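Okay, so here's the structure we're looking at.
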Amino acid sequence: MASVDDLGFVKISDRTKDLIKSGGEWISSVDLENALMAHPAIAEAAVIAIPDEKWSERPLACAVLIAGEQATPDELNEWLLERSFAKWQLPERYEFIDAVPRTSTGKFWKLKLREQFPG
């Protein structure tokens, strides 16, 4: 998914298969990941969609903490709200993991996360 602004700049938001459709609205996993990785306690974060009876899909954030650091879901949600995310865009839940699985090219392997956290 991409958009073009008034000045002609292109912003790539997310890969179509990684977008999260929640209640008819799209949530960019990349935007959530980038914001979470800007938090001082987070080393890495990957966001995937999990099924939801009411909303179709909701975000699940898989976060790797920096050694010796701590963060709670409430603290991370507050961090996201301060960065202009709406409440409905916040992750449904957080999983704190040791490392984000990666493909042979070093990209986040979200398929593995979807298998590990099916919902």
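The values are calculated or read from the model by the stated rules, or taken from the named source; none is laboratory data. From a predicted model like this one, the values you see are computed outputs, not experimental measurements. Neighbour counts run over all protein chains shown; Cβ positions are idealised from the backbone, glycine included.
Summary of computed values
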| read-out | value |
| --- | --- |
| Leading residue by the ranking (modelled with the lowest pLDDT) among those in region 11-31 that are of a type outside the set (D, E, K, R) and in a strand (DSSP E or B) | ILE12 |
| Residue that is farthest from GLY23 (Cα to Cα) [pool: residues in region 47-94 that are among the charged types (D, E, K, R) and surrounded by 15 or more Cβ atoms within 10 Å (Cβ to Cβ)] | GLU92 |
| Residues of region 78-104 classified as without any contact (Cβ under 8 Å) to a residue 24 or more places away in the chain and in contact with a strand residue (DSSP E or B) (Cβ under 8 Å, 6 or more places away or on another chain), total | 2 |
| Subset tally (residues that are out of contact with any helix residue (DSSP H, G or I) (no Cβ under 6 Å at 6 or more places or on another chain) and assigned to a loop (DSSP other than H, G, I, E, B)) for region 55-99 | 16 |
| Residue match in region 32-54 (condition: assigned to a loop (DSSP other than H, G, I, E, B), touching a Pro at 6+ places or on another chain (Cβ under 9 Å) and either touching a residue at least 60 places away in the same chain (Cβ under 8 Å) or of a type outside the set (Asp, Glu) (or both)) | no |
